[in-house]
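The values are calculated or read from the model by the stated rules, or taken from the named source; none is laboratory data. From a predicted model like this one, the values you see are computed outputs, not experimental measurements. Cβ coordinates were reconstructed from backbone atoms using ideal geometry, including for glycine residues, and neighbour counts include every protein chain displayed.
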Amino acid sequence: MGEQESGLNKLLLSPDANDIREWLHKNKSMVLKDKVMSESEAIRTFIREGCYIATELYGSVRAPMSLCREVVRQGFKDLSLAGQGVMETEHLISGKCVKRIELTYQGWEVYGISNILRRAAESGEVTISEWSNASLAWRLKAAAMGIPFIPTRSMLGTDTFKYSGAKTIECPFTGQKLVALPASPVDVGIIHVHRADLYGNCQIDGITGFAWELARASKRLIISCEEIIPTDEIRKYPDRTIIPWFLVDAVVHAPFGSYPGEMCYYYERDKQHIKDYIDQTETEEGAQAYLQKWVTGPKSHAEFLELVGAEKMDELRKAVLGR
Amino acid sequence: MGEQESGLNKLLLSPDANDIREWLHKNKSMVLKDKVMSESEAIRTFIREGCYIATELYGSVRAPMSLCREVVRQGFKDLSLAGQGVMETEHLISGKCVKRIELTYQGWEVYGISNILRRAAESGEVTISEWSNASLAWRLKAAAMGIPFIPTRSMLGTDTFKYSGAKTIECPFTGQKLVALPASPVDVGIIHVHRADLYGNCQIDGITGFAWELARASKRLIISCEEIIPTDEIRKYPDRTIIPWFLVDAVVHAPFGSYPGEMCYYYERDKQHIKDYIDQTETEEGAQAYLQKWVTGPKSHAEFLELVGAEKMDELRKAVLGR
Amino acid sequence: MEYKSNELLICIASRQMEDGTSAFIGTGIPMLAAALAKRMHAPNLIPLFEFGGVGGTLEVLPLGVGDSKTFYKAWAALVICDLMETAQRGMVDYGFLGGAQIDMYGNLNSTVIGPQPKPKVRLPGSGGANDIGSSCWKTIAVMQHTARRFMPKVDFVTTAGYLTGPGAREAAGLAPNSGPYRVVSNLALMGYDEETKRMKLLATNPGVTVQQVVENTGFELIIPDKVGINEPPSDKELTLLRNEIDPGRLYI
Amino acid sequence: MEYKSNELLICIASRQMEDGTSAFIGTGIPMLAAALAKRMHAPNLIPLFEFGGVGGTLEVLPLGVGDSKTFYKAWAALVICDLMETAQRGMVDYGFLGGAQIDMYGNLNSTVIGPQPKPKVRLPGSGGANDIGSSCWKTIAVMQHTARRFMPKVDFVTTAGYLTGPGAREAAGLAPNSGPYRVVSNLALMGYDEETKRMKLLATNPGVTVQQVVENTGFELIIPDKVGINEPPSDKELTLLRNEIDPGRLYI
């Protein structure tokens, strides 16, 4: 066997499958119960200082914005973050909630880099380990599968590997060198979906990103949804359930929960709002002013939506692409 | 590192990800073309003596019966088989098409053991390596992921492991002993679906078994479907596509293609036919008589359906459970 | 009410199922037992079928673990990998298993009688059994009780019980605190001794003596001072079984 | 017709796309280039978006790789793991990449300027770039051409090019026959020398001299005897870009 290489960074949570087994066995159950609660209750009940949290999807698309705003509102100071996000995770950084990031990408794609990440990383306010999009998703997949690692070709030969927490291994069948990606269980996963019933059975339209993986890798899972639908509707189309109830700890009804991002078939993104936000976050003062007006100002998602206004929501609903 | 243990049996196809990469790159393409053909043409074009083939689903449910009958009709003598099946794979064994099986289960669940497998295994006519349902599915998943192995806890400590082709490894993060399941690419995968377009974009209702994994692990993939639908219908619901066209080499229109098995929401299984079949296969003579009447007798799936009769099909369509 | 041997088996298996838990259900007796448990003491039992059905009502009996009735009015119709991974993650409480042979550590054989390469009797193979036995917290075996089936050393360990005794599962790499829990047979109900991991008698079936159980067991079964007696099927259980659960008498 | 610098970049990137192939498309220039190629010479180009969109029409421009426009009228809306695994399996021909720095072996940096733990400039990070660079057969980088970006040693290898030269990808464990293929910059089109795996000039952009390219490259670029000259954007290309592909001028 060749020399085993190790990434420099420590893992935030152990990939040990036995520990997770015991935890899940003790703390989760398949009993069906009403899990509907507000953003405030969900975040207060399931997030603790020191938690490792992760959000899904990415790029102002089906992002759990109402839940992320609530995390900022509750003033957490010491969270760790799986860093595949844009505005949702920027809020957490800007709100000084985050100390450590397992990062793959934090930027604005066509709109450029993240000034909020720049300030936090360059000042040393957050420490960062490096991963790729696929390797982060595969790490969640390993946790979802109940195994401590998954082999891959990604990150081989690069500094991305060096600043990760992965290791190299030799394939027992072919002798090929591979990267062993450690399973990434997360303390709290946060996912926004199109529809859920009161137990937490979820349906998503369009691409499902890494919702499947994150839901199954999460010790606690908070769902927000555009609509709460009758459980009979779920049972009529069991093949539409991507996240079954027993993974879910809280169901939050959050219409326009992805605003200013988009929700496919439901509403378009608010391009102007996003553009203004990005301009504003060029300075720290601007970023804090945005937070005050849009995040900590409103005391709930309902108040936030009042600030957005019914007219704007109507406009975005009408602008959406059909099937 | 503890002592590495190895299962006794040789793998039928190499799990080497590089070899598969080169093969797929050379032989498959994303170009959209009409792939509709008959059972006869599909089997003749893509199956060769010596091939390793696999079918999906299992237990007289969404099984590619029309294609399996055609394999027997064409008189193959030296195939290898991934053995997770019931009647579909019994036909291949009974038709003397199969020499080697990577077996997980071959039996009739409530109706008991497989007399056809018994005769073939006890006489030494086929050689068998042992796997479990999940390990076989995970082996396909590893091939689908483009990696040479996947770690798991299944098979540890058992004779199932001993008579498999897996190895044990030590987790580089936790030191835990695990089974490394070698990726299982297959030469030809055969899957029956509810609907496909002429390019091979597929939709399945209900549980999807291991269709996802097998489709992606197959070097050649033959699809049969109950209905061929317009490609516009596929493009209206891209989130329903479980098998995208570029995996598919042939699309066979086979209404009642799973008969005498069931197809959820389309038709019920023919319980009496199956029961009679099982009784008949108690003897080798009976099994051969069945093959002659139902498999090699009819020259095509259309002729087979004539033998079944429109009345029976109507009855099974009406007997199906709704949503 | 009079009852048949398999009705008794179903009732006793059913009573092992705990409300609010999840269990992998195989075809046949476990299916009927689960359907019965849901109507008796365990309305919140979640039946899982390895090919993807989760929480189906079992209003109509499935004929196999991939059958459409396994997800009729279910909360989710998933896929085999997902369900097996859910178990591997530690989220499935119980698994039901069958087999041709069992030893005192609960190791099960459903693969071959005789040597694997040239068997005397070829059995179906592991199917999901090995996975369920590896990953569920507790497994319940349902068996016919004869000395040739309850034997000192099974011909082939298809599915891991406690292997060679205390600590052996963990040494093999299997998860701590998992393993065989109960054996339901036509003669008795067995459990396992916590310390030695060996099979022990818990209760005899109605009309069966301890002596009969011992005679039909090919290894030394632990006989505790107090052995219970299983209640026969109640009228309510039998009525449910015959009129609601299996009116077509597919299994009983 | 007059054209802007990014219109030229888009057109030249577009011309690298081959009909009947598949390509991972990132936001921005590659998206417009793919939309243009599909309307010009490559109607059967299959655009793949890493979060799941497969074969969308690009009738409406997406604003990100997870955007609903990436699967509008697409053949499949899948998931990130599936798409990345499809590439890992060897089924994706091309991948487009960007970055702040590139070296002569095509290694790309999109992570940090300065040391990673305390960077001078924190960039977005790998995103899907490392995966695409590891698994696609050929990658095409789109870059601004300055000597500070085309540099001898990038501060951080986010995405593997040919690493330290011939054989290095394979030694690192990456698949044979994969790696950097083209670099499209505002000054020129570059490829790689088969033997040394070093970047070489293929063609200069209209109005740019070889000397200018050399001056703006911080490492020794291979200059072959014959260097081509890229055609400027045609009227047809510009009309399509401005009127059909990006009428709202989101990108151009």
Residue among C:83, C:78 that is closer than 18 Å to residue C:126 by Cα, surrounded by 24 or more Cβ atoms within 10 Å (Cβ to Cβ) and within 14 Å of chain A (Cβ to nearest Cβ):
C:83
Quick one: which of C:106, C:114, C:133, C:66 is modelled with pLDDT of 95 or more, over 18 Å from the mean Cα position of the chain (by Cα), small (Gly, Ala, Ser) and farther than 20 Å from residue C:241 by Cα?
C:114
Out of everything in the stretch A:92-118 that is assigned to a strand (DSSP E or B) and not hydroxyl-bearing (Ser, Thr, Tyr), what residue ends up being nearest to the other protein chains (Cβ to nearest Cβ)?
A:107
Read through the list (1) buried (at least 21 other Cβ atoms within 10 Å of the Cβ); (2) in contact (Cβ under 8 Å) with a residue 12 or more places away in the chain; (3) basic (Lys, Arg), then give the number of the only condition that residue A:240 fails.
(1)
Taking residue A:57 and the conditions (1) over 17 Å from the mean Cα position of the chain (by Cα); (2) in a loop (DSSP other than H, G, I, E, B), which numbered condition does it fall short on, given that it satisfies the others?
(1)
Based on what the data block shows, is residue A:14 surrounded by fewer than 24 Cβ atoms within 10 Å (Cβ to Cβ) and among the small types (Gly, Ala, Ser)?
yes
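Tell me which residues, restricted to the stretch D:42-80, are among the aromatic types (Phe, Trp, Tyr) and under 13 Å from residue A:264 (Cα atoms).
Listed by number, the residues that qualify are D:71, D:72.
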Looking only at the stretch C:115-153, count how many residues are hydroxyl-bearing (Ser, Thr, Tyr) and farther than 25 Å from residue B:164 by Cβ.
1
Top-ranked residue in the stretch A:165-181 [being assigned to a loop (DSSP other than H, G, I, E, B) and touching a helix residue (DSSP H, G or I) at 6+ places or on another chain (Cβ under 8 Å); ranked as surrounded by the most Cβ atoms within 10 Å (Cβ to Cβ)]:
A:166
Name every residue in the stretch A:249-282 that is buried (at least 24 other Cβ atoms within 10 Å of the Cβ) and within 26 Å of residue C:21 (Cβ to Cβ), in order of residue number.
A:251
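Table: residues versus (1) at pLDDT below 95; (2) surrounded by 24 or more Cβ atoms within 10 Å (Cβ to Cβ); (3) polar (S, T, N, Q).
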{"residue": "A:50", "(1), (2), (3)": "no, no, no"}
{"residue": "A:53", "(1), (2), (3)": "no, yes, no"}
{"residue": "A:57", "(1), (2), (3)": "yes, yes, no"}
{"residue": "A:74", "(1), (2), (3)": "no, no, yes"}
{"residue": "A:83", "(1), (2), (3)": "yes, yes, no"}
{"residue": "A:101", "(1), (2), (3)": "no, yes, no"}
Report whether or not residue B:162 is surrounded by fewer than 24 Cβ atoms within 10 Å (Cβ to Cβ), away from chain C (no Cβ under 14 Å), within 25 Å of residue B:83 (Cβ to Cβ) and among the charged types (D, E, K, R).
no
Could you go through the stretch A:27-49 and let me know if any residue there is closer than 28 Å to residue D:98 by Cα, assigned to a loop (DSSP other than H, G, I, E, B) and touching a residue at least 60 places away in the same chain (Cβ under 8 Å).
no
Name the residue that is farthest from the other protein chains (Cβ to nearest Cβ), counting only residues in the stretch A:193-234 that are in a loop (DSSP other than H, G, I, E, B) and closer than 24 Å to residue D:53 by Cα.
A:204
Answer from A:137, A:121 - the residue that is part of a helix (DSSP H, G or I), in contact with a Lys or Arg (Cβ under 7 Å, 6 or more places away or on another chain), within 13 Å of chain D (Cβ to nearest Cβ) and buried (at least 20 other Cβ atoms within 10 Å of the Cβ):
A:121
Among (1) of a type in the set (D, E, K, R); (2) at pLDDT below 95; (3) not in a helix (DSSP H, G or I) - the single one residue B:88 does not satisfy:
(3)
Report yes if residue C:232 is more than 14 Å from chain B (Cβ to nearest Cβ) and either at pLDDT below 95 or surrounded by 13 or more Cβ atoms within 10 Å (Cβ to Cβ) (or both), otherwise no.
yes
May I ask you to verify whether residue D:177 is away from chain A (no Cβ under 13 Å), at pLDDT 95 or above, within 18 Å of residue A:156 (Cβ to Cβ) and more than 14 Å from the chain's Cα centre (by Cα)?
yes
Does the stretch D:199-212 contain any residue that is in a loop (DSSP other than H, G, I, E, B), more than 15 Å from the chain's Cα centre (by Cα), within 14 Å of chain A (Cβ to nearest Cβ) and not hydroxyl-bearing (Ser, Thr, Tyr)?
no
